Amino acid sequence: MKRVFVAGHRGMVGSAIVRQLETKADVEVVVRCRSELDLTNQQAVRDFFETEKIDQVYLAAAKVGGIVANNTYPADFIYENLMIQCNIIHAAHLAGVQHLLFLGSSCIYPKFAEQPMQESALLTGTLEPTNEPYAVAKIAGIKLCESYNRQYGRDYRSVMPTNLYGPHDNFHPENSHVIPALLRRFHEATLNGDSEVVAWGSGKPMREFLHVSDMAAASIHVMELDKVKYDENTEPMLSHINVGTGVDCTIRELVETVAKVTGFEGEIKFDTTKPDGAPRKLMNVDRLASLGWKYTYSLEDGLADAYQWFLDNQDSFRG
């Protein structure tokens, strides 16, 4: 029986990983709430690893937020994420944990990275300023894993997801990302009988989205890969793996699919006075494909699943 610690088990990705690990007969999932274990406390994390005899770690814990939060609290974002990563990775090493998977973010890539973004684009250009502190912390997480592998022979791996959505997403009316925000807006428009919904921008930018259950499945797949195969498809100092669909859609297509899923039958308008953002953000997932994994959720099926979770849980995030 493997004792597997999932750090960040209450987050969208961590909870999805826990759900899938709990179906495995040979796994005992170990989790701790923030009140039980402060991951920014070095001694507390070290004590945890010394006593719990962990075999594997999924490092999905992070301080996350949107553009406003990242701009308002940059020190908090870089400090807390660096502390969480350093504490867990170092304590796991000291306790003899050989297998760890670090979850990062596609924001590690330069603002003007060539599309689709390949793993080799890392550290080749300037980051997006609004979330640079968060991105720098995530890059440090990748390099921590690689450094412990090189110096101590550990098997610490990293995965970088594209835009995620699904159960346990944040549906807060002001602080949510694009998919939960759209699902909630179209849901309320349908309930209210609104004749139209206005979406920001031209609808022309292209984005890639991955259902969180697929992200969890990919994470477990990468963790369980034979080391020889993993090493053959990565490099010691370029070891991270992009996780995504390799397929993108326009924001217009996304909005129209959300309208279909939520049953909205009114008119959709685009406010072209609002900013579009980058014209395209797509991950190159050739490395992951060569390792034998592909996504399963289509955008429409994934949105329907996320919307059903919203309907089942909306009482918990009214506001």
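The figures follow:
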{"read-out": "Length added when fully stretched, Asp312-Val198, from 0.36 nm per residue minus Cα-Cα", "value": "38.5 nm"}
{"read-out": "Diffusion coefficient, µm² s⁻¹, Stokes-Einstein with Kirkwood Rh over alpha-carbon pairs of the range 2-81 at 4 °C and 1.567 mPa s", "value": "94"}
{"read-out": "Theoretical gain in end-to-end length, Tyr73 to Glu114 [0.36 nm per residue, Cα-Cα removed]", "value": "11.9 nm"}
{"read-out": "Relative contact order of the chain, defined on C-alpha pairs under 8 angstrom at six or more residues apart (%)", "value": "19"}
{"read-out": "GluC sites (Glu not before Pro) restricted to the range 1-45 and DSSP loop, no more than 16 other C-beta within 10 Å", "value": "Glu22, Glu36"}
{"read-out": "Alpha carbon centroid spacing (whole Å) that separates the range 243-309 from the range 50-103", "value": "28"}
{"read-out": "Residues Ile142, Ile84 arranged by fewest to most Cβ contacts within 10 Å", "value": "Ile84, Ile142"}
{"read-out": "Extreme residue, positive dipole direction of the range 186-319, given options Tyr307, Val261, Tyr230 (C-beta unit charges)", "value": "Tyr230"}
{"read-out": "Stretch gain in nm, segment Lys269-Val31, where the contour uses 0.36 nm per residue and the Cα spacing is subtracted", "value": "81.2 nm"}
{"read-out": "Summed side-chain charge close to Thr72 - residues other than Thr72 whose Cβ falls under 15 Å, Lys, Arg +1, Asp, Glu -1", "value": "-3"}
{"read-out": "From phi via Karplus (6.51, -1.76, 1.60), per-residue ³J(HN,Hα) for the range 92-102 in Hz, x at Gly/Pro", "value": "4, 4, 4, 8, x, 6, 8, 10, 9, 10, 9"}
{"read-out": "Residues Met237, Met215, sorted so that the one with the fewest Cβ neighbours within 10 Å comes first", "value": "Met237, Met215"}
{"read-out": "Amide N of the range 81-121 lying under 19 Å from the label point, which is placed 7 angstrom from the Cα of Asp286 along Cα→Cβ", "value": "109-110, 113-121"}
{"read-out": "Simple spin-label estimate for Glu300 and Glu174 in nanometres, 7 Å along Cα-Cβ", "value": "3.7"}
{"read-out": "Descending principal axes extents, the range 92-174, alpha-carbon based, whole Å", "value": "43, 33, 22"}
{"read-out": "Reach of Lys138 by Cα under 15 Å, taken over aspartates and glutamates that are not fewer than 8 positions away in the same chain", "value": "Asp76, Glu80, Glu119, Glu128, Glu146"}
{"read-out": "The range 143-184 and the range 205-219: distance between their alpha carbon centers, rounded to Å", "value": "10"}
{"read-out": "Cross-link partners of Lys2 among aspartates and glutamates (Cα-Cα below 20 Å; sequence separation of 8 or more within a chain)", "value": "Glu22, Asp26, Glu28, Asp47, Glu50, Glu52, Asp55, Asp155, Glu224, Asp226"}
{"read-out": "Order of Tyr109, Tyr73 - criterion: other Cβ atoms within 10 Å of each residue's Cβ, fewest first", "value": "Tyr73, Tyr109"}
{"read-out": "Highest-MSF residue in the chain out of Thr245, Thr130, Thr273 [GNM, Cα springs under 10 Å]", "value": "Thr273"}
{"read-out": "Dipole moment magnitude, nearest 20 debye, the range 144-293 about Cα centre, only Lys, Arg, Asp, Glu C-beta charged", "value": "280"}
{"read-out": "Residue with peak Gaussian network fluctuation, the chain [Cα springs, cutoff 10 Å], from Lys227, Lys143, Lys53", "value": "Lys227"}
{"read-out": "Top of Asn81, Asn70, Asn192 by mean-square fluctuation, Gaussian network on the chain, Cα under 10 Å", "value": "Asn192"}
{"read-out": "Magnitude of the charge dipole, the range 127-201, Cβ model with Lys/Arg +1 and Asp/Glu -1, debye to 20", "value": "540"}
{"read-out": "Overall dimensions of the range 177-319 by Cα: Rg and Dmax, Å", "value": "18.1, 58"}
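None of the figures in this text is laboratory data; all of them are computed from the coordinates on show. Since the structure is predicted, the reported quantities are computational estimates derived from the model, not experimental observations. Here Cβ is always computed from backbone atoms with ideal geometry, including for glycine, and neighbour counts include all displayed protein chains.
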